[in-house]
Amino acid sequence: MPQWDQWIEAIEDAKADADKHDATVAGLIITGDISEADDVIFQLERIVGVTRLPLYFVLGNHDFYHGLIATTRGEVVRIMRENEDLFYLTDTTPIEIAQDVFLIGDDGWGDATVGDYDGSPIRLHDFQLIADFVESRTADWPKLLHRLGKESADRLRDKLLALPERVRQVLVATHVPPQRESCWYEGKVSDDDWAPFFVCGQIGEVLEWYADRHPDVHLTVLCGHTHHQGVARIRDNLIIYTGSAVYGEPTVQSVINADADEVGLVDPKSGDT
Ligand SMILES: [Fe+2]
């Protein structure tokens, strides 16, 4: 069976399972790398059209391939305004998904603030495939990475500050792992060569800042980008789930129970949390 059909079937299974427990699947969360710039809107509309579920999402670096970042974001914002089931979290204020439980998000970017950019031999395809980098001098790439991370972190801080005082739980969707501890590759965290491109350190700082000032608020972060899964508990009230991925093979990573005291992620295959 094609991967797309398997994925849709897994979503339908999750709906049926929720039904059995007198619950409902309230929507899908996707943490980016959905497609490329010329196709991402088609895929977003296709997903909500087929699943008939609201889609809460951020964009990943792949979603900007063959385009300019601002242009792609602008087109996605425009289409979101025309489709009530699309929620581009980067451009959306906090959404209350259960009593006192809020969902926020931002794209994030590997922002060259963690690891050793200058000493690293790694240079991502992003630099050849995203127009912002193609049109920049090589020497300016780290500044651009830093700026993209800062803009994401600033927007995320604004969303955290916009949460009402009664907030109990926050679910944060972002593409790039915000801490080195959450940046997994084959069971290990990224080394200094990879971390500049695989960690959004400025979002990590914002999350720690908020978690330390709000010990009674629990933050659950969902991210991807590295293609390898892992869980990192950064604070008692800050846990980061990094999802796995294989090109062309979308899967349901987890079912999220937003009514739990600590927002719970359930493995859809085993039922384990
Ligand atoms: Fe990515």
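The values are calculated or read from the model by the stated rules, or taken from the named source; none is laboratory data. None of the values given here were measured: they were computed from a predicted structure. Please note: Cβ atoms are built from the backbone with ideal geometry, for glycine as well, and neighbour counts cover all protein chains shown. Surface areas here come from the heavy atoms of the whole protein model, side chains and all, with no ligands, DNA or RNA. Shrake-Rupley method; radii C 1.70, N 1.55, O 1.52, S 1.80 Å.
Structure above, values below:
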| read-out | value |
| --- | --- |
| Carbon/sulfur fraction of accessible area - the stretch 22-116, other protein chains in place, 1.4 Å, % | 47 |
| Expected 222 nm ellipticity per residue - DSSP helices of 4 or more, -39500 (n - 2.57), all of the chain, to 500 | -10000 deg cm²/dmol |
| In sequence order, calculated HN-Hα J values of the stretch 49-59 (Karplus, 6.51, -1.76, 1.60; Hz; x Gly/Pro) | x, 7, 7, 6, 10, x, 10, 9, 8, 10, 9 |
| Å² per residue, accessible surface of the chain at 1.4 Å | 48 |
| 5 angstrom amide H check on Leu55, placed H, neighbours 5+ away | Leu28, Leu86, Phe87 |
| Extension gain from Asp116 to Thr251, taking 0.36 nm per residue of separation minus the Cα-Cα distance | 45.3 nm |
| Overall form of the stretch 88-204 per C-alpha gyration tensor (a/c, 1.5; a/b vs b/c) | prolate |
| Largest to smallest accessible area among Trp109, Trp194, Trp4 [probe 1.4 Å] | Trp194, Trp4, Trp109 |
| J(HN,Hα) series, the stretch 192-204, from Karplus relation 6.51 cos²θ - 1.76 cosθ + 1.60, nearest Hz, glycine and proline x | 5, 6, 8, 4, x, 9, 10, 10, 9, x, 6, 5, x |
| The stretch 3-266, relative contact order [Cα under 8 Å, separation at least 6], % | 20 |
| Distant-in-sequence amide H partners of His66 (H built 1.01 Å from N, under 5 Å) | Ile130, Ala131 |
| Radius of gyration, Dmax [the stretch 75-118; alpha carbons; angstrom] | 15.1, 46 |
| Efficiency of FRET between Gln6 and Asp259 - r from beta-carbon atoms, R0 30 angstrom, step 0.05 | 0.60 |
| Whole-Hz couplings from phi, Karplus 6.51/-1.76/1.60, listed for the stretch 14-29; x for Gly and Pro | 5, 5, 5, 5, 4, 4, 4, 9, 6, 10, 9, 7, 8, x, 10, 10 |
| Cα centroid separation, the stretch 3-50 to the stretch 167-206 (Å) | 24 |
| Potential extension, Asp212-Tyr185 segment - 0.36 nm per residue separation minus Cα distance | 7.0 nm |
| Under 5 Å, built H, 5+ apart or other chain: amide partners of Leu238 | Leu219 |
| Relative contact order (%) - criterion: Cα under 8 Å, at least six apart; region: the stretch 84-206 | 43 |
| Taking the stretch 150-263 and dividing mean pair separation by its residue count, relative contact order in percent (alpha carbons under 8 Å, at least six apart) | 28 |
| Sequence ranges 45-56, 169-180, 218-229, ranked by mean other-Cβ count within 10 angstrom, highest first | 169-180, 218-229, 45-56 |
| Calculated FRET efficiency for the pair Glu45/Gln229, C-beta based, R₀ 41 Å, to 0.05 | 0.90 |
